[in-house]
2 protein chains.
Amino acid sequence: MDFYFDFYSPYAYLASMRIDELAAKHGREVNWYPFLLGPAFKTMGLPPMLETPLIGDYVKVDFARSARLAGVEVRFPEKFPNAALAPARAFYWLNDQNPEQAKALAKAVYHAIFGEGRDGSDPKLLAELAETQGIDSAQLLEVIKTPEVKDRLKQEINRSIERGVCGSPYFIIDGEPFWGNDRLDQVDLWLEKGGW
Amino acid sequence: MDFYFDFYSPYAYLASMRIDELAAKHGREVNWYPFLLGPAFKTMGLPPMLETPLIGDYVKVDFARSARLAGVEVRFPEKFPNAALAPARAFYWLNDQNPEQAKALAKAVYHAIFGEGRDGSDPKLLAELAETQGIDSAQLLEVIKTPEVKDRLKQEINRSIERGVCGSPYFIIDGEPFWGNDRLDQVDLWLEKGGW
């Protein structure tokens with residue numbers, strides 16, 4: 001199954017903590033796909049959620065409540081939302097070689113952004129976290145500047161739009177789409193029953 | 001607790017079938033508030049959901065799946081979405097005299113729209129359903145044409161926006177807002193624990 005997430009999506013942060021374990025319960029593995037919500041919102045012609053009247057205020061209350069219910073302490077970064085290009089590019093490059101390492105780094109990045117309120121767009125943060133994972137950070141920072149790696153992320157973002165990914169988190173199980181952290185109960189049931 | 005719903009909101013149709021029973025389990029009563037999503041979407045600057053790229057396609061899949069999971073057979077009316085002014089106006093007028101009767105009529109209207117695919121904007125449908133509830137339909141159709149009753153709905157819609165109602169269904173429990181049929185599990189828990 002596939003898990004699409006924007007590193008700056010707080011609901012996907014909550015989902016990222018549960019999704020692998022949930023899938024493993026049903027003998028499934030999860031392919032992680034970082035993307036950027038910006039192009040999806042542009043395709044949909046929608047303003048950023050927090051800037052939207054009514055919804056913006058609601059989402060703040062709803063997310064804080066959902067995080068408390070999940071027992072997750074959240075600290076928002078000063079600049080929010082933001083585009084986490086460096087870790088998204090790094091992810092795909094690492095993922096081609098070592099998916100587990102790519103996933104571990106993505107989890108570390110997510111924790112830095114929403115667990116510690118750090119700036120996920122800063123390549124220095126990526127380098128620091130890569131080092132703690134035993135990844136050569138100097139090489140990683142060079143690699144993510146190359147056109148090939150930049151293009152790879154662009155392709156994945158285009159593909160996300162082709163696949164209908166309209167928000168974050170977004171899950172696709174054998175072609176069936178589920179949008180939102182609040183769909184994880186249905187995802188759980190879908191994996192158990194094989195659909196309904 | 002308060003339950004805001006647009007008669008043309010299919011997710012609120014699912015919620016309308018559960019909300020009274022769910023609240024009663026916790027010794028609570030539900031005040032029903034029909035409103036129209038149109039003015040809320042105008043306030044938010046958003047296009048209708050089904051006309052929005054990506055989200056429109058997703059919502060069709062998601063709603064059908066959620067309805068199947070709930071065991072609810074749904075038949076969409078030919079004209080969808082639509083503005084169910086007549087039943088919303090009738091609701092507030094009846095509700096001032098007999099809240100249980102107003103609620104029963106609202107449930108009958110909802111079933112006609114999404115259970116039978118009938119036109120909820122047609123005053124003839126309202127009249128027919130009112131008669132089956134023992135309500136004088138000729139009087140009802142006259143009453144909903146009066147400026148007082150029309151204004152009452154406008155006031156309730158304005159109040160919904162003041163209260164932050166950004167979608168349908170939307171629940172407010174002692175000031176705490178919950179948006180979406182998929183928040184009913186949180187609503188259940190909130191009523192049980194008195195918050196968290």
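Residues that are part of a helix (DSSP H, G or I), within 12 Å of chain A (Cβ to nearest Cβ) and either basic (Lys, Arg) or at positive phi (or both) within segment B:155-196 comprise B:ARG183, B:LYS193, listed in sequence order. Just to be sure, is B:LYS107 surrounded by fewer than 14 Cβ atoms within 10 Å (Cβ to Cβ) and touching a residue at least 24 places away in the same chain (Cβ under 8 Å)? When the stated conditions are applied, B:LYS107 does not pass them.
Scanning segment B:55-77 for residues that are buried (at least 17 other Cβ atoms within 10 Å of the Cβ), farther than 13 Å from B:PHE114 by Cβ and aliphatic (A, V, I, L, M), which turns out nearest to the chain's Cα centre (by Cα)? Only one residue fits best here, namely B:VAL59. In segment A:50-61, the condition of being β-branched (Val, Ile, Thr), over 15 Å from A:TYR13 (Cα atoms), in contact with a Cys (Cβ under 7 Å, 6 or more places away or on another chain) and without any contact (Cβ under 8 Å) to a residue 24 or more places away in the chain is met by at least one residue. Scanning segment B:55-74 for residues that are more than 10 Å from chain A (Cβ to nearest Cβ) and touching a Phe, Trp or Tyr at 6+ places or on another chain (Cβ under 7 Å) turns up B:PHE63, B:VAL74.
For (1) over 25 Å from A:LYS79 (Cα atoms); (2) of a type in the set (A, V, I, L, M), each residue gets a yes or a no:
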{"position": "A:ILE135", "(1), (2)": "yes, yes"}
{"position": "A:LEU141", "(1), (2)": "no, yes"}
{"position": "A:ILE173", "(1), (2)": "yes, yes"}
{"position": "A:GLN186", "(1), (2)": "yes, no"}
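One residue stands out among those in segment A:21-54 that are within 9 Å of chain B (Cβ to nearest Cβ) and part of a helix (DSSP H, G or I): the one that is surrounded by the fewest Cβ atoms within 10 Å (Cβ to Cβ), which is A:THR43. Exactly one residue out of B:ASP122, B:ASP136, B:ASP174, B:ASP151 is under 29 Å from A:GLN186 (Cα atoms), open to solvent by 40 Å² or more (accessible area, probe 1.4 Å) and not basic (Lys, Arg), and it is B:ASP174. Of the residues making up segment B:62-115, just one is of a type in the set (Ser, Thr, Tyr) and either touching a Ser or Thr at 6+ places or on another chain (Cβ under 9 Å) or outside any helix (DSSP H, G or I) (or both), namely B:TYR110.
Screening segment A:110-167 for residues that are touching a Phe, Trp or Tyr at 6+ places or on another chain (Cβ under 7 Å) and charged (D, E, K, R) and picking the one that is nearest to A:ILE19 (Cα to Cα) gives A:GLU156.
Is segment A:163-174 home to any residue that is of a type in the set (Asp, Glu) and under 30 Å from B:LYS60 (Cβ atoms)? Looking for residues that are of a type in the set (Asp, Glu) and under 30 Å from B:LYS60 (Cβ atoms), one finds at least one in segment A:163-174, hence yes.
For segment A:78-104, a residue qualifies if it is buried (at least 23 other Cβ atoms within 10 Å of the Cβ) and aromatic (Phe, Trp, Tyr), and exactly one does: A:PHE91. When segment A:1-42 is filtered for residues that are within 13 Å of the chain's Cα centre (by Cα) and among the aliphatic types (A, V, I, L, M), the ones remaining, listed by number, are A:ALA12, A:LEU14, A:ALA15, A:MET17, A:ILE19, A:VAL30, A:LEU36, A:LEU37.
The values are calculated or read from the model by the stated rules, or taken from the named source; none is laboratory data. The model shown is predicted, which means the values in this text are computed figures rather than measured ones. Virtual Cβ from ideal backbone geometry, glycine too; neighbours counted across all protein chains shown. Accessible surface is based on the protein model in full, side chains and every heavy atom, while ligands, DNA and RNA are left aside. Shrake-Rupley method; radii C 1.70, N 1.55, O 1.52, S 1.80 Å.
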